[in-house]
């Protein structure tokens, strides 16, 4: 568990460090940190009635996240609406992180982070800007 926690903390700090380094070039670096989502990896948890109800009791939205919930966050970060947002970790978890129970649960939750880069400013003025993409 220490290696897992260190890797997640490393992604958060990398997001902030890269954002600080690249902001002057108009490159925004942000991360998405989802909570419990309906995926193949969570099938066993969802099918276990006891664990499923324990998890849902912690989430203020009282439901598992759906892929569309992450898509909205990604669309926001990829849009001009987020041009002045950089160095942030956008938590998409139905309110779980805002609860005391959620903070404890999130320590053991397998989270996924995506760094969004907007490298248009790094290109020469006459080069077309690529679409935003995932760093990892």
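Looking at residue 33, is it within 23 Å of residue 79 (Cα to Cα), touching a residue at least 40 places away in the same chain (Cβ under 8 Å) and surrounded by 18 or more Cβ atoms within 10 Å (Cβ to Cβ)?
Numbers: within 23 Å of residue 79 (Cα to Cα): yes; touching a residue at least 40 places away in the same chain (Cβ under 8 Å): yes; surrounded by 18 or more Cβ atoms within 10 Å (Cβ to Cβ): yes.
In short, yes.
Can you name every residue in the range 76-93 that is surrounded by fewer than 10 Cβ atoms within 10 Å (Cβ to Cβ) and part of a loop (DSSP other than H, G, I, E, B)? Steps first, please.
At the first step, the residues of the range 76-93 found to be surrounded by fewer than 10 Cβ atoms within 10 Å (Cβ to Cβ) are 80, 84.
Within the range 76-93, 84 is the sole residue that qualifies.
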Over the range 36-55, the set of residues surrounded by 13 or more Cβ atoms within 10 Å (Cβ to Cβ), in a helix (DSSP H, G or I) and in contact (Cβ under 8 Å) with a residue 12 or more places away in the chain is 42, 46, 55
Filter the range 5-17 down to the residues that are touching a residue at least 24 places away in the same chain (Cβ under 8 Å) and either more than 14 Å from residue 87 (Cβ to Cβ) or touching a strand residue (DSSP E or B) at 6+ places or on another chain (Cβ under 7 Å) (or both) and list them by number.
5, 8, 11, 12, 15
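Yes or no, residue by residue, for (1) out of contact with any helix residue (DSSP H, G or I) (no Cβ under 9 Å at 6 or more places or on another chain); (2) assigned to a helix (DSSP H, G or I); (3) under 23 Å from residue 99 (Cβ atoms):
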| residue | (1), (2), (3) |
| --- | --- |
| 4 | yes, yes, yes |
| 12 | yes, yes, yes |
| 16 | yes, yes, no |
| 24 | no, yes, no |
| 32 | no, no, yes |
| 57 | no, yes, yes |
| 74 | yes, yes, no |
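Considering every residue within the range 77-84, establish whether at least one is modelled with pLDDT of 55 or more and touching a strand residue (DSSP E or B) at 6+ places or on another chain (Cβ under 6 Å).
Step one: filter the range 77-84 for residues modelled with pLDDT of 55 or more, giving 77-84.
Narrowing the set further to residues that are touching a strand residue (DSSP E or B) at 6+ places or on another chain (Cβ under 6 Å) leaves 77.
Looking through the range 77-84, at least one residue is modelled with pLDDT of 55 or more and touching a strand residue (DSSP E or B) at 6+ places or on another chain (Cβ under 6 Å).
The values are calculated or read from the model by the stated rules, or taken from the named source; none is laboratory data. Every value quoted in this text rests on a predicted model; they were computed, and no experiment measured them. Because the Cβ atoms are built from the backbone with ideal geometry, glycine has one as well, and the counts that use them run over all protein chains shown.
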